[in-house]
Amino acid sequence: MKIRQTVRSPAAWLAAATLLRLIVAALLPVTPDEAYYWVWSRGLQGGYLDHPPMAALWIRAGTDLFGDNAFGIRVLAPLATAVGTVMIVAAARDLFRLVRPDGRENAGAIMAGVLLNATLALGVGSVTMTPDTPLLFFVALFLLALARLSLDGSPMWWLAVGVAVGLGFDSKYTMALPAAGLAVWLVLTKEGRGGLARPWPWLAAVTGAVLTAPVFWWNATHGWASFVRQGGRAADWRPARAAQFLGELLGGQVGLATPAIFALFIAGVWVASRRRDAADRLLLCLVGVPLVVFAQHALGDRVQANWPVIIYPVFAVLAARVDVRWRFAAALTGGALSVLVILQALTAVFPLGRHLDVALRQGGGWPAFVRDVDARTAGAAFVAADDYGLASELALRLPGRVVAGADDRWAYFGLPPVACGGGGYLLHNARRDPPRNAGWMRGAETVATVVRARRGVEAERYVLYRLSCPQAGFYRLPPAR
């Protein structure tokens, strides 16, 4: 009986899943983007050209404890997913009063957490570290705080709302979208306007503003570079390709949510639109504003598939009330797809080739490749790359070597320029034409083509150039400890 109860216990399943995810996080190769965020963590500041600093802070905490390795970089991802799952279940329970007579969550509330974990976005994202990792954690906190407000009205939960919005914005700028959804609900609904008559929502806004101050300060002192980079796309307008971009947006979400879970998400929105009680109106605002913004963006440019993942926790809560027989099968199918993707990344069990195998292109063959580069460039004053991800991988995997980045983005890090007296080497992706206006091209001598491969299957190839010194625009990356 005890064994059966343990197997059926959601807490036991979540603990087991978290343990497995921690193991996988230690085994998966560090991707170029993760290595790039690791470089951020070696030089902490209030912002970076691409994103705010929260991912760097999480990586720094993990690597300070466990070292500059895959586990240290990712350790907080599975743990945050576990805690975030508990918060999502509690939010669904409180918003829709999904409780059993004994006061515990019923199957609907638990299914909110199950469905979210079974999406491909979270199934794979829970074992990697990107800005979306802390973002989703703070979205879960945001939902829980709003749910508790609906349950008991305690003003202290408004403080938690402000903390969640502020730290979520410090993770990724898209946190402004559900926050804007909350603002729409406050203005347009009777319940919301009643709240605005009290000081607590305004205190939440002040709390969020204080927590985002370092990001705004960094931007103000760097020509608003990050805001311009991320916000400059909003004005794009290409109606001739809008149908293509909207189709890609829809297809990306079907893929990342997995088809059956995506259908449950849509069903949850439909149910909420028919009921329209206070909780439903709130959740519809939280998903509606981001969806309108993403749809508007798709009229002029591609919406990256991972951007709408910010509202997956809200979708999961909405889907908690969709009681259909096949919802467990939908979760099981989604989880199985995540397992297959991770298995492919670990073992290359399917001979897909680089065009179909994203894990191969991102993580395949880095250790052997870096050893080859190290041997070919022995004795040089530096080894550099003009791709930020490649340069970051070299910095992580070549401790003791001077690794340089030849990219304008490094100028925002305050890194020292490379000073050398004997020349060095630069790696450039062989599939891309060398930039003709790059200063390093003058006098560059082609040495070899270096292939990165996994089990004999090519992941990528690079041209190795020998350079002379000095080199303008080369920045010395911080090494692994």
Helix 200-220 versus the longest principal axis of the chain: what angle, 0 to 90°, nearest 10, using Cα atoms? 10
Would you mind telling me the share, in percent, of accessible area of the chain contributed by carbon and sulfur at probe 1.4 angstrom? 64
Kirkwood hydrodynamic radius over Cα pairs of the chain, then Stokes diffusion coefficient at 37 °C and 0.692 mPa s, in µm²/s: 137
Percent of all alpha-carbon pairs of region 196-316 at distances over 18 Å, whole number, is 66
Spin-label zone in region 325-365 - amide nitrogen under 19 Å from a point set 7 Å from the Cα of Arg461 along the C-beta vector: 352-357, 360-365
Between Val447 and Arg431, 0.36 nm times their residue separation minus their Cα-Cα distance comes to what? 4.1 nm
Point-to-point label distance, Ala295-Leu250, nm (Cα→Cβ direction, 7 Å offset): 1.1
Once you keep just the Cα pairs under 8 angstrom separated by 6 or more residues, what percentage relative contact order results for the chain? 17
Cα-based Rg of region 312-369 normalised by 2.2 N^0.38 Å, two decimals: 1.60
In nm, what is the difference between 0.36 nm times the number of residues separating Ala378 and Ala480 and their Cα-Cα distance? 34.9 nm
For the chain, report the accessible area per residue in Å² (1.4 Å probe, heavy atoms, rounded to an integer). 45
What area, in nm² and to one decimal, does the C-alpha convex hull of region 313-409 cast on average over all directions? 10.1
At R0 = 35 Å, how high is the FRET efficiency between Val228 and Val271 if r is their beta carbon distance? Nearest 0.05 is fine. 0.30
How would you order 164-172, 44-52, 290-298 from highest to lowest mean count of nearby Cβ atoms within 10 Å? 164-172, 44-52, 290-298
Order these peptides, 145-152, 456-463, by their mean beta-carbon neighbour count within 10 angstrom, highest first. 145-152, 456-463
Provide the descending list of Cα extents for region 73-160 along its principal axes, expressed in whole angstroms. 39, 30, 16
Among 423-433, 239-249, 22-32, what's the highest-first ranking by average C-beta atoms within 10 angstrom per residue? 22-32, 423-433, 239-249
Can you give the FRET efficiency for Leu27 and Ala411, using 1/(1 + (r/R0)^6), R0 = 35 Å, r = Cβ-Cβ distance, to the nearest 0.05? 0.50
So what are region 323-478's ellipsoid semi-axes, whole angstrom, largest first, if each one is the square root of 5 times an eigenvalue of the alpha-carbon gyration tensor? 37, 17, 14
Inter-label distance for Leu20 and Ala329, nm, one decimal - labels placed 7 Å from Cα along Cα-to-Cβ: 2.1
What is the calculated FRET efficiency for Leu340 to Arg198, with r their C-beta to C-beta distance and R₀ = 51 Å, to the nearest 0.05? 0.55
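The values are calculated or read from the model by the stated rules, or taken from the named source; none is laboratory data. Worth saying up front: this structure is predicted, and the values here are computed from it rather than measured. Note that each Cβ is placed from the backbone with ideal geometry, even for glycine, and that neighbours are counted across all protein chains shown. Each accessible area value is taken on the protein alone, full model and side chains, heavy atoms only, with ligands, DNA and RNA left out. Shrake-Rupley method; radii C 1.70, N 1.55, O 1.52, S 1.80 Å.
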